[in-house]
Every structure is written in structure tokens, then in C-alpha cells.
Amino acid sequence: MPPRKRPEDLRSHRWLGVSDMRSFGHRSRLQQMGFDATDFGAKPVIGIINTWSEINACHAHLRARAEDVKRGVLQAGGFPVELPAMSLAEPFVKPSTMLYRNFLAMEVEELLRSHPLDGAVLLGGCDKTTPGLIMGAISMGIPAIYVPAGPMLRGNWRGEQLGSGSDAWKYWTEKRAGNITEEQWNEIEGGIARSFGTCMVMGTAATMMSIAEALGLTLPGASAIPAADSGHPRMCGAAGRRIVDMVWENLTPEKILTKSAFDNAIKVHMALGGSTNAIIHVVAMARRAGLKLDMQRFDEISREIPVIANIRPSGKYLMEDFFYAGGLRALMRELAGKLDLSCLTVTGKTLRENLDGAEVFQREVIHPLSDPIYAEGATAVLTGNLAPRGCVMKPAAAEKRLLQHRGPALAFEDYNQMAREVERDDLEVTADHILVLKNAGPKGGPGMPEWGMLPIPKRLLKAGVRDMLRISDARMSGTSYGACILHVAPESFVGGPLALVQTGDEIEVDVAVRRIHLHVPDAELARRRAAWKQPPPRYTRGYGAMFSEHIGQADEGCDFDFLAAGAPTPEPEIH
Ligand code: FES
């Protein structure tokens with residue numbers, strides 16, 4: 001056991017514990033807010049970073065949950081202070097929350113650095129908030145515990161269970177095909193989101209909350225607790241108590257986030273059939289932790305770990321069912337033989353100790369390894385002359401006939417052109433065509449919007465086609481499905497081979513051998529490259545311009561170059 005910190009070792013001591021003109025000001029301003037030395041003297045100061053906002057339904061309960069965290073901090077002898085951070089509501093923030101994930105990461109890091117804080121409790125859950133909070137906390141390096149917002153309750157429509165996103169896509173497709181009425185569509189709108197909390201399919205939010213737990217950054221079992229369950233505020237109180245001890249123990253993220261911890265998280269991601277978005281976020285988090293991780297590692301692990309969680313969009317059930325089935329502890333117990341159980345977690349205990357006693361209660365929701373939902377993992381990483389640095393696909397969510405396919409490209413230069421064309425009744429397209437969308441990547445979007453599940457052309461929809469191969473440098477929502485090849489790197493906007501694809505070119509995809517190939521002679525590609533011109537940047541000022549200049553490619557985790565590397569940032573001077 002390392003020695004516990006003494007009060008004078010606390011980071012906040014530099015602000016509050018010394019006797020000079022500046023500390024007089026710090027203490028008098030706390031007294032101005034009604035606190036005195038019995039509140040803040042010689043105690044760990046815990047920053048509760050809260051991504052609550054009035055326009056984020058996934059986080060609507062986090063204002064109340066911060067009070068539960070505070071209760072725990074006070075019980076354990078700490079001094080809690082709540083600091084708001086950017087909320088990033090997936091449905092409302094345009095053009096894409098991905099444009100702002102790094103903004104949140106920067107905000108978190110600098111909030112923690114610039115204030116007299118000894119530890120942090122991070123409140124979030126909607127897709128980009130989890131990686132944003134964690135990336136910032138890793139770079140700052142003080143003890144931190146992540147509190148997942150938890151999934152919302154199951155959706156309901158005429159007795160049918162509805163899943164966030166996935167069923168919206170499904171019924172929107174049926175509406176475009178003329179199979180459901182406007183009235184039915186409106187009923188679905190009122191029934192699909194029944195409580196506060198995140199999307200309750202295995203979308204990006206549930207995937208990232210689970211990954212945070214698998215990394216050891218949450219209390220055991222925290223990630224699947226429904227937001228509206230009374231266990232959720234109890235978990236928040238426990239997190240508040242635990243972070244105070246983590247400060248005294250100096251249990252910093254670097255001690256938890258080892259290479260093995262990331263391998264564990266990727267294995268859990270595969271077993272869950274998790275969102276493709278997670279690949280970008282996990283790579284970014286690992287690189288913040290100083291670990292080299294690339295997309296190939298996901299492919300290696302995906303061949304070893306089957307999908308055993310029967311959760312939409314790859315399976316049948318929802319996160320509420322997963323919680324009743326035993327949640328992530330039960331799933332990790334099932335995977336125990338594949339995990340490194342010696343990894344340390346925020347509890348101060350190993351994963352092995354945290355999983356002790358975990359059980360699967362419903363076998364139809366969490367399958368045994370011997371009877372998986374899908375024999376190979378959730379994600380395939382393909383490479384070839386069309387994606388020299390890789391691209392990703394979720395084979396479990398695609399029609400099998402498309403996993404080995406060669407067909408002509410139907411190429412779109414940008415999203416607006418694609419959106420217009422797919423609605424045309426006279427569009428020349430067959431189910432064997434491969435839709436290609438350009439200029440939707442990190443710089444081209446910019447912000448890599450979730451445009452990767454390109455709509456099936458209306459003409460084919462009416463003929464009953466529900467899946468076809470689609471290729472882009474965009475992402476897709478974790479709630480989406482279909483034979484969508486995403487994250488093509490390098491992206492078309494910077495001159496990646498995707499930029500050179502023309503309608504009629506033959507493209508071949510073979511998922512079993514992880515290959516994607518553009519059947520165009522090299523000499524012709526060289527001729528097209530010589531004629532290619534980069535489109536003008538969308539933003540020439542402000543954050544968007546900074547984003548476009550510094551954002552990395554998908555295979556690098558889409559972090560800013562100036563955040564991913566470099567010497568540690570010094571502690572602020574207090575003058
Ligand atoms: Fe927030 Fe899906 S919209 S998690």
C-alpha cells in the first residue's frame with residue numbers, strides 16, 4: 001500500500017492551506033458563500049464535473065444526482081464543489097457532437113487544473129460526454145471516478161418494446177416505403193423515449209459507459225443501472241464517498257489505465273456488440289494515457305471474442321433487460337477467462353475482486369461463451385487500396401449476403417447531393433450497387449458526422465430492399481445497423497483514395513479476409529489524383545477553423561495534435 005496523503009500534500013492546500021495574501025482571498029471567498037474552515041479546512045476538494053443541461057434529456061437527472069454525489073463526499077470527509085461543463089446532447093448539437101468532444105475534453109482538463117481540486121467525479125453518459133470527460137481527466141491526472149448517467153427505460157408502442165434510434169431508423173424506413181401512417185409515426189414519437197437517461201440500446205452511450213466500467217473507472221456494476229432506478233442515486237452517493245479515499249490514496253488514472261485495462265475494455269466492447277464509434281474514442285483515450293493503440297488491435301480481439309450480449313441493434317433486448325440479467329459484472333464474469341483480472345480499478349481493488357459473486361440471471365440476454373449470438377466479434381477492420389489506414393464495419397448488423405460482395409459504385413460528392421439523389425424515383429441504382437459518400441470525415445464534415453448509414457434509395461426501398469453496401473469516411477450512430485463501411489482513413493477531404501472513386505467503378509469487399517479494394521488501374525488513379533482539388537474549408541474562423549487545422553484522422557482517435565502529445569502541462573502558479 002502506498003503511503004496515504006497528508007492534508008498538506010493535497011493539491012488544494014496550495015490555495016487554501018497556506019498563510020499569505022492570496023490564500024486569504026481564496027478562503028474569504030469561500031466564506032462569502034457561507035462555508036467556513038470546518039467545511040473546507042484540510043479536506044480533499046472534490047470537483048463534480050456536471051454535464052447537466054436543460055437541453056439534454058439524457059442528463060436531465062444529473063442536476064439531482066450531483067446532490068447525491070455531494071452527500072457521499074461530505075459523508076467521507078471531503079468538500080464537494082460542482083462545476084458545469086459542456087453538455088453535448090446528441091440529438092440537438094449540430095452539425096455533430098463529435099465536433100465538440102475535444103472541446104469538452106479541453107474544458108474538463110482546464111477546469112480541473114485551474115481550480116483548487118484534489119479529485120473529480122465526472123457526470124455524463126450521452127455519447128461524446130463519456131470520452132470527453134475521461135480524456136480531460138486522463139490528461140489532468142488527478143484521481144477521478146466516472147459516474148455514468150445510465151440508460152433510459154424501455155420504449156413502448158402498442159405493446160411493442162421500442163429501442164432508441166434503432167426503431168426510429170426502422171420505422172422511418174417503413175414510413176418512406178409507405179407501410180405505416182403519419183398517426184402511427186406520431187405515436188412512436190411519443191413512446192420511444194419514456195424517461196431521462198441515455199439511449200437504451202447498445203449504442204455509443206451504452207457502449208462507452210460499459211467501456212468506462214471495463215477500464216476500471218466506475219464503481220462495479222454502475223454502467224447498466226437504469227437512470228430512473230433508485231440504485232442510480234445510491235451509486236452516485238457511493239461514488240462521492242469513494243473519490244475522497246481515492247484522493248488520500250493518490251489513486252490516479254495512470255495507475256488504472258494500463259495496456260491490459262484497454263485490452264479488457266476492447267474485449268468487453270466486442271462481447272457487447274458495441275458501437276463502431278467506440279473505436280475512435282478508445283484509441284483517443286489510450287493515446288491520452290500514453291499508450292499506443294491502433295484499429296488493428298480491435299480486429300485482433302474481435303476474432304477472439306464473440307458477441308454474447310443479446311442487445312439491439314445486433315440482438316433483441318434493451319439495456320433495462322441487460323441490467324436485470326446481471327449487467328456488466330455478469331457479462332465480464334462470463335468473459336473472465338479472457339480478461340486480465342489483475343487490473344486495478346477505482347475501488348482500489350482488482351477486477352477479480354470486483355467481479356466476485358457476479359451472476360447471469362437471464363441466459364437469453366447474456367449468453368454463455370459456448371453459445372454466442374454471433375461467433376466473431378462486433379467489429380471488423382478492413383484495409384486495402386481504398387482505405388490504406390483502415391475502415392470499420394459491424395458485420396453482426398449487416399445482411400450476410402453483403403459480407404462478400406463486388407459491385408459498381410454510386411458516388412456522392414457530399415451529404416446534400418446524396419440526400420437529394422436517394423429520393424429520386426428515376427435514380428439508376430440496383431441492390432448490388434455500393435453507395436459511396438465523400439467529404440464526411442474529421443476535416444471534411446467537419447467533425448465526422450453520423451452520416452454513414454446512408455439511406456437506401458427510395459426506389460429500392462419500395463422494391464423491398466432493406467440493406468446494401470455503403471462506404472464513407474463518416475461515422476454512424478451506434479443505434480444504426482446495416483452493411484455500412486465507416487471511418488475510411490485517410491478521409492476523402494485530405495485526398496484519401498475515397499476522393500477518387502467515381503460512379504461505375506467496381507468495388508470489392510470481403511469481410512472474411514478484411515479486404516476492401518477499388519478495381520481501378522493505378523495509372524487511372526494517378527491521373528485522377530493529379531486532377532483532384534481539395535474542397536474549400538467550411539470554417540475559416542473560430543473553433544471550427546481550429547478544429548479543422550488540428551484534428552487527427554479516425555485511425556488516430558480524432559484528437560487534436562496539440563492535446564495528444566507533449567510534455568505534461570505544469571501546475572498553475574498561484575500569485
Ligand atoms: Fe443521448 Fe443517445 S441521445 S445517449
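I'd like the distance separating the alpha-carbon centroids of the stretch 8-58 and the stretch 316-380, in whole Å.
Cα centroid to Cα centroid, the span is 39 Å.
Tell me whether the stretch 173-302 comes out rounded, prolate or oblate; compute the Cα gyration tensor, take square roots of the eigenvalues as a ≥ b ≥ c, and use a/c under 1.5 as the rounded threshold.
Judged from the Cα gyration tensor, the stretch 173-302 comes out oblate (a/c at least 1.5, b/c at or above a/b).
Once the Cα atoms of the chain are picked out, what are the Rg and Dmax in Å?
24.1, 79
Among the GluC sites (Glu not before Pro) in the stretch 339-421, which ones are in a DSSP loop with at most 12 other Cβ atoms within 10 Å of the Cβ? Mind listing them?
Numbers: sites: 353, 359, 364, 376, 399, 413, 421; in loops: 359, 364, 376, 399, 413.
Of the GluC sites (Glu not before Pro), the ones in loops of the stretch 339-421 whose Cβ has at most 12 other Cβ atoms within 10 Å are 359, 364.
I'd like the Karplus ³J(HN,Hα) series for the stretch 520-531: coefficients 6.51, -1.76, 1.60, θ = phi - 60°, whole numbers in Hz, and an x wherever there's a Gly or Pro.
Coupling constants for the stretch 520-531: 10, x, 4, 5, 5, 4, 5, 5, 5, 4, 4, 8 Hz.
Under 1.5 on a/c is rounded, so check that first for the stretch 338-390, then, if it is not, pick prolate when a/b is larger than b/c and oblate when it is not; a ≥ b ≥ c are the square roots of the alpha carbon gyration tensor eigenvalues.
It comes out oblate by the Cα gyration axes.
How large is Rg/Rh for the stretch 222-358, to two decimals, with Cα atoms and a Kirkwood Rh?
Details: Rg = 15.5 Å, Rh = 16.2 Å.
Ratio of gyration radius to Kirkwood radius for the stretch 222-358: 0.96.
From largest accessible area down, sort 320, 304; use a 1.4 Å probe on the protein chains.
304, 320
R0 = 41 Å: FRET efficiency of residue 530 with residue 173, Cβ-based, nearest 0.05?
The computed FRET efficiency comes out at 0.50.
Under a 1.4 Å probe, what is the accessible area of the stretch 1-151 per residue, stated in Å²? Could the numbers behind the result be given before it?
Values: 6000 Å² over 151 residues.
Here the residues of the stretch 1-151 average 40 Å² of exposed surface.
With a ≥ b ≥ c taken as the square roots of the eigenvalues of the C-alpha gyration tensor of the stretch 388-439, please select rounded if a/c is under 1.5 and otherwise prolate if a/b is larger than b/c or oblate if it is not?
Judged from the Cα gyration tensor, the stretch 388-439 comes out oblate (a/c at least 1.5, b/c at or above a/b).
Which pairs break 31 Å Cα to Cα here: 292/349; 338/394; 316/443; 128/338; 5/128; 170/292?
Working: 292/349 25 Å; 338/394 22 Å; 316/443 36 Å; 128/338 28 Å; 5/128 33 Å; 170/292 38 Å.
Beyond 31 Å: 316/443; 5/128; 170/292.
Once amide H atoms are placed 1.01 Å from N in the peptide plane, what residues at a sequence separation of 5 or more from residue 390, or on another chain, have their amide H within under 5 Å of its amide H?
384, 489
So what is the calculated 222 nm ellipticity per residue for the chain, using -39500 (n - 2.57) for each DSSP H run with n of 4 or more, over all residues, to the nearest 500 deg cm²/dmol? Each step should come with its number before you reach the end.
Working: 22 runs with 209 residues, N = 575.
Using -39500 (n - 2.57) per qualifying helix, the result is -10500 deg cm²/dmol.
Using only Cα atoms, locate the centre of the stretch 67-126 and the centre of the stretch 488-554, then give the distance between them in Å, rounded to an integer.
36
Output the peptides 341-349, 240-248 sorted from most to least packed, where packing is the average of other Cβ atoms within 10 Å over each peptide's residues.
Highest-to-lowest ranking by the protection proxy: 240-248, 341-349.
Among 440-450, 122-132, how do they line up from the highest to the lowest mean number of other beta-carbon atoms within 10 Å?
Numbers: 440-450: 27.2, 122-132: 31.0.
Ranking, from highest mean packing down: 122-132, 440-450.
From zero up to wherever the largest Cα-Cα distance of the stretch 376-529 sits, split into 10 Å bins and tell me the percent of pairs in each.
Result returned by the calculation: 12, 46, 36, 6, 0.
Between 86, 257, 114, whose Cα lies farthest towards the positive end of the dipole of the chain when Lys and Arg beta carbons carry +1 and Asp and Glu beta carbons carry -1, centred on the Cα centre?
114
Using amide H atoms built in the peptide plane, which far-off residues or other-chain residues are under 5 Å from residue 399 H to H?
483
Helix 182-191 versus the longest principal axis of the chain: what is the Cα-based angle in degrees, 0 to 90, to the nearest 10?
Around 20 degrees separate the two axes.
On a C-alpha basis, how far is the centre of the stretch 227-282 from the centre of the stretch 453-474 in Å? Whole number, if you could?
Taking the Cα centre of each part, the stretch 227-282 and the stretch 453-474 sit 36 Å apart.
Once both labels are modelled 7 Å past Cα along the beta-carbon direction, what's the residue 353-residue 157 spacing in nm?
Calculated label separation equals 4.8 nm.
Just subtract the alpha-carbon distance of residue 519 and residue 463 from 0.36 nm times their residue separation and send over the number in nm, one decimal. Walk me through the intermediate numbers first.
Working: separation 56, 0.36 × 56 = 20.16 nm, distance 2.86 nm.
Stretched out fully, the residue 519 to residue 463 stretch lengthens by 17.3 nm.
How large is ³J(HN,Hα) for each residue in the stretch 144-155, as worked out from phi by the Karplus curve 6.51 cos²θ - 1.76 cosθ + 1.60 (θ = phi - 60°), to whole Hz, x for Gly and Pro?
Rounded to whole hertz, the list is 8, 10, 9, 10, x, 5, x, x, 6, 5, 4, x.
How large, in percent, is the carbon and sulfur part of the accessible surface of the chain at a probe radius of 1.4 Å?
52
What nm value, rounded to one decimal, do you get for the distance between residue 230 and residue 420 when each label is placed 7 Å out toward the C-beta?
Computed distance between label sites residue 230 and residue 420 equals 5.8 nm.
Order of 484-493, 196-205 by packing, highest average Cβ count within 10 Å first? Present the calculation step by step, with values, prior to reporting the outcome.
On the way: 484-493: 27.2, 196-205: 30.7.
Highest to lowest by the protection proxy: 196-205, 484-493.
Using θ = phi - 60° and the Karplus form 6.51 cos²θ - 1.76 cosθ + 1.60, what ³J(HN,Hα) does each residue of the stretch 64-69 get, whole Hz, x for Gly and Pro?
Along the stretch 64-69, the couplings run 5, 5, 4, 5, 5, 5 Hz.
The values are calculated or read from the model by the stated rules, or taken from the named source; none is laboratory data. A quick note: this is a predicted structure, and the numbers were derived from the prediction, not measured. All Cβ positions, even for glycine, are placed from backbone atoms using ideal geometry, and neighbour counts span all protein chains on display. For accessibility, only protein heavy atoms count, side chains too; no ligands or nucleic acids. Shrake-Rupley method; radii C 1.70, N 1.55, O 1.52, S 1.80 Å.
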